[in-house]
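What follows is one structure encoded as structure tokens, with my remarks underneath.
Please treat every number below as a calculation from the coordinates, not as lab data. Keep in mind it's a predicted model, so treat the numbers as computed, not measured. Ideal geometry is used to build each Cβ from the backbone, glycine not excepted, and the neighbour counts take in all protein chains shown.
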Amino acid sequence: MSDANRTNVVGDGLAEVGRIGLFLVAVIAAIPRSLRYLRETVRQIFFVGAMSLVIVMTCGLFIGLVLGLQLYDVLSRFGGTASLGTVVSLALYRELGPVVTALLFAGRAGTSITAEIGLMRATDQLSAMEMMAVDPMSYVVAPRFIAGVIAMPLLACIFNALAIFGAHAVGVTWLGLDNGTFWSNMTSNVDVWTDVMNGVYKSMVFGGIVTLMASYQGYTTAPTSEGVAHATTRTVVFSSIATLALDFVMTAFLM
């Protein structure tokens, strides 16, 4: 790749980041106006939250089972199997819970948001709203953004609960670890404010960034079926990258 092409790629990337930043500002500015559409916000919370429960609960359970097996094997080499509950819970609350839930959220809810808004753009529904003096940002985008920020922490908590249950089933029920040891070590070493709340903060940010990316890709997509398909793919890719990058930044600050 020549220097000119590299410059164009970098310039296009920075311009895209700038457009997403301006879109975020427009969404935040539209939030007060969106409060009049409370029913739409509640409907979106149900759509992105409750409709994502099955995949979040299923994946959380199996990740907990795998964590229980792998960590028990590692800890047994150092005689530290009693710390299984502590290690699993810290890994889930601090990192795995928010991050994996965000990736699942992007794949399930993010793509749906992009496809829905993209079809509104392709069928001129957004333009029709503007002609009827209805702001699409406050009626379409802002409720979905609010729903993502609210639903993601709740989904992450459910994910963590199912994962801990899976690790408990493997460690205590299957491998014979003492039940009291599992729970007592967990409760004595996990702090609500520094461990659990850090995961909640991350989940709120990840929910906002995923719904922001999904709404932006749908709102700015080309009004064709091919454009909607490409926008849906970009939602998953960009949301995943942004989630992992923000996870590093937030971990560096919160630690």
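If neighbour count is taken as other Cβ atoms inside 10 Å, put 132, 57 in order from fewest to most.
On the way: 132 7, 57 17.
Least to most surrounded, the residues fall as 132, 57.
From the residues 141, 237, 161, which one has its Cα farthest along the dipole of the chain in the positive direction, the dipole being from +1 and -1 charges on Cβ of Lys/Arg and Asp/Glu about the Cα centre?
Comparing the listed Cα positions along the dipole, 141 ranks first.
Using the Karplus equation 6.51 cos²θ - 1.76 cosθ + 1.60 (θ = phi - 60°), what ³J(HN,Hα) coupling, rounded to whole Hz, does each residue of the stretch 14-31 give in order, writing x for Gly and Pro?
So the J values, rounded to whole Hz, are 5, 5, 5, 4, x, 5, 5, x, 5, 5, 4, 4, 5, 5, 4, 5, 7, 4.
Can you work out the Karplus-derived ³J(HN,Hα) for every residue in the stretch 136-151? Use 6.51 cos²θ - 1.76 cosθ + 1.60 with θ = phi - 60°, whole Hz, and x for glycine or proline.
In residue order, the calculated couplings are x, 5, 7, 9, 9, 7, 4, x, 6, 5, 4, 4, x, 5, 7, 6 Hz.
What FRET efficiency do you get for residue 224 and residue 54 if R0 is 35 Å and r is their Cβ-Cβ distance, rounded to the nearest 0.05?
Numbers: r = 32 Å, r/R0 = 0.91.
After rounding, the FRET efficiency stands at 0.65.
Using only the alpha-carbon atoms, how far is helix 225-254 inclined from the longest principal axis of the chain? Give it as 0 to 90 degrees, nearest 10.
Helix 225-254 and the main axis of the chain meet at about 50 degrees.
For a footprinting-style exposure proxy, rank 200, 228, 210 by other Cβ within 10 Å, fewest first.
Details: 200 18, 228 22, 210 30.
Ordered from fewest to most neighbouring Cβ atoms within 10 Å, 200, 228, 210 come out as 200, 228, 210.
Per DSSP H run of n ≥ 4, the term is -39500 (n - 2.57); total these for the chain, divide by its residue number, and report the mean residue ellipticity at 222 nm rounded to 500 deg cm²/dmol. Intermediate results must be reported in sequence, preceding the final value.
Working: 11 runs with 194 residues, N = 255.
About -25500 deg cm²/dmol.
How would you classify the stretch 3-254 from its alpha-carbon gyration tensor, with a ≥ b ≥ c the square roots of the eigenvalues: rounded for a/c under 1.5, else prolate if a/b is greater than b/c, otherwise oblate? Working shown, then result.
Working: a/c = 2.51, a/b = 1.99, b/c = 1.26.
It is prolate, given that a/c is not under 1.5 and a/b is the larger ratio.
Hey, fewest Cβ within 10 Å first, where do 168, 230 land in order?
Details: 168 22, 230 16.
By the 10 Å Cβ count, ascending, the order reads 230, 168.
If amide H atoms are built 1.01 Å from N in the plane of the peptide, which residues on other chains or at least 5 residues away come under 5 Å of the amide H of residue 177?
For residue 177, the qualifying residues are 172.
Given a cut-off of under 8 Å on Cα pairs at least six residues apart, what relative contact order in percent is computed for the chain? Write out the running numbers ahead of the final one.
Values: 333 pairs, mean separation 83.2, N = 255.
Relative contact order comes out at 33 percent.
Mind jotting down the distance between the C-alpha centroids of the stretch 142-156 and the stretch 20-46, whole Å?
11 Å
Answer rounded, prolate or oblate for the stretch 18-139, using the Cα gyration tensor with square roots of eigenvalues a ≥ b ≥ c: rounded when a/c is under 1.5, else prolate when a/b is larger than b/c, else oblate. Show your work: numbers first, answer last.
Working: a/c = 3.38, a/b = 2.94, b/c = 1.15.
Verdict is prolate for the stretch 18-139.
About the Cα centre of the chain, what is the dipole size in debye to 20, counting +1 per Lys and Arg Cβ and -1 per Asp and Glu Cβ, all else neutral? Don't skip to the end; give the middle numbers.
Working: 13 positive and 15 negative charges, 62 e Å.
Roughly 300 debye for the chain.
For the stretch 204-231 and the stretch 158-198, what is the separation of their C-alpha centers, rounded to whole Å?
37 Å
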